[in-house]
Amino acid sequence: MIILKIGGSIITEKSSDEPKVNYEQLDRITTEIAEAYKKMDKKLIILHGAGSYGHPIVKRTGIHMGISNNKQLVDFAETQRLQNELNTIVTGELIKKGVPAIPVQASATAIMKNGKLISMDTSVIKGFVDIGLVPVLYGVPAYDSEQKCSILSGDQIAPFLAKNLGADSIIHATDVDGIFTANPKEDKNAKLIEKITNENLTQVKNYLSGSSHTDVTSGMLGKVMELANIAKEGTKCVILNGLKQGRIKNALLGKQVTGTVVEF
Ligand code: ADP
């Protein structure tokens with residue numbers, strides 16, 4: 001089984017204050033997925049991020065830090081509704097291209113504790129995969145037993161599913177070529193780290209420590225920490241640039257592509 005996470009940064013206009021889909025990229029990416037899917041001999045689960053459908057409203061309302069008034073309950077509900085809207089658009093594109101993409105709202109069964117995913121029912125997801133569907137989950141605001149609400153990101157869902165359903169690999173498609181020695185959008189001298197292993201993990205954490213507050217989830221540092229944990233259990237993880245033609249498709253087909261491999 002392969003788990004593909006599509007970053008909110010590549011399917012939405014991430015810097016927009018209003019929810020805005022990047023239809024051009026979404027069309028190309030869903031075409032690549034559909035083309036690969038027809039040739040793949042593996043099962044597939046897709047996750048997508050929220051980009052401008054999630055980060056602006058969450059930052060504005062503060063619901064990722066918990067709920068302290070009734071107004072925030074409305075914000076919680078509206079944030080979820082917006083994610084469903086984006087998911088309807090993403091699954092709509094996949095279905096149009098022949099992928100049996102079935103929407104799955106993780107927050108219907110997920111329980112968080114201080115921002116960490118504690119439990120989530122994966123039996124239906126497994127059943128969907130077994131009968132040949134492609135579940136499509138997405139980052140959501142979720143019930144939190146301590147702070148009432150926190151954000152369950154696609155980055156957290158991916159390793160949870162990999163662990164519970166036994167995925168062979170996790171592919172993270174984002175808007176840069178992989179993990180660099182510094183933020184490649186700010187530092188021209190940043191170098192791509194082709195492999196993250198036990199030997200350089202601490203150093204990589206240092207490279208990324210400044211990037212943890214890029215959004216309301218944990219940005220690249222959060223991704224790498226989650227992937228390192230799951231890689232230790234034998235799942236191969238790769239972070240690649242989903243904006244570059246062919247990389248998602250080739251990675252789904254098991255071909256080697258430019259990116260960062262996390263392997264322990
Ligand atoms: P997504 O929305 O695709 O899940 P994020 O926005 O959470 O992705 O993280 C991707 C961003 O992380 C990139 O656009 C990049 O600018 C930033 N970033 C910061 N530091 C680094 C680094 N050392 N290597 C790679 N990307 C980095």
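What follows is calculated from the coordinates using simple rules that are stated; it is not laboratory data. Small disclaimer: the values here were computed from a predicted structure and weren't measured. All Cβ positions, even for glycine, are placed from backbone atoms using ideal geometry, and neighbour counts span all protein chains on display.
Structure notes:
- Chymotrypsin sites (Phe, Trp or Tyr not before Pro) restricted to DSSP loop in the range 110-151 with at most 11 other C-beta within 10 Å: none
- Column: log10 I(q)/I(0), Debye, Cα scatterers of the range 1-155, q = 0.08, 0.17 Å⁻¹: -0.23, -0.96
- Cα radius of gyration and Dmax for the range 141-242 (Å): 14.2, 44
- Structure remark: mean-square fluctuation, Gaussian network model of the chain, C-alpha springs under 10 Å; the largest value among 247, 81, 60 belongs to 60.
- Gain on full extension, evaluated as 0.36 nm per residue between residue 199 and residue 108 minus their Cα-Cα distance, stands at 28.9 nm.
- Between the exposed loop cleavage positions of the chain, defined as GluC sites (Glu not before Pro) in a non-H, G, I, E, B DSSP state with at most 10 neighbouring beta-carbon atoms within 10 angstrom, the longest gap is 1-185.
- Environment charge at residue 22 (Cβ cut-off 12 Å; Lys +1, Arg +1, Asp -1, Glu -1): -2
- Cα centre as origin, Lys/Arg/Asp/Glu Cβ charges: the chain dipole, Debye: 340 debye
- Only beta bridges with both residues in the chain are counted; by DSSP, about 35 percent of them are antiparallel.
- Within a Gaussian network of the chain (alpha carbon springs, distance under 10 Å), most fluctuating of 27, 187, 155: 187
- Residue with peak Gaussian network fluctuation, the chain [Cα springs, cutoff 10 Å], from 203, 147, 105: 203
- Among the listed pairs 38/97; 5/223; 191/236; 43/97, those whose Cα-Cα separation exceeds 20 Å are 191/236.
- Volume per residue that the Cα convex hull of the chain spans, once the total is divided by residue count, Å³: 116 Å³
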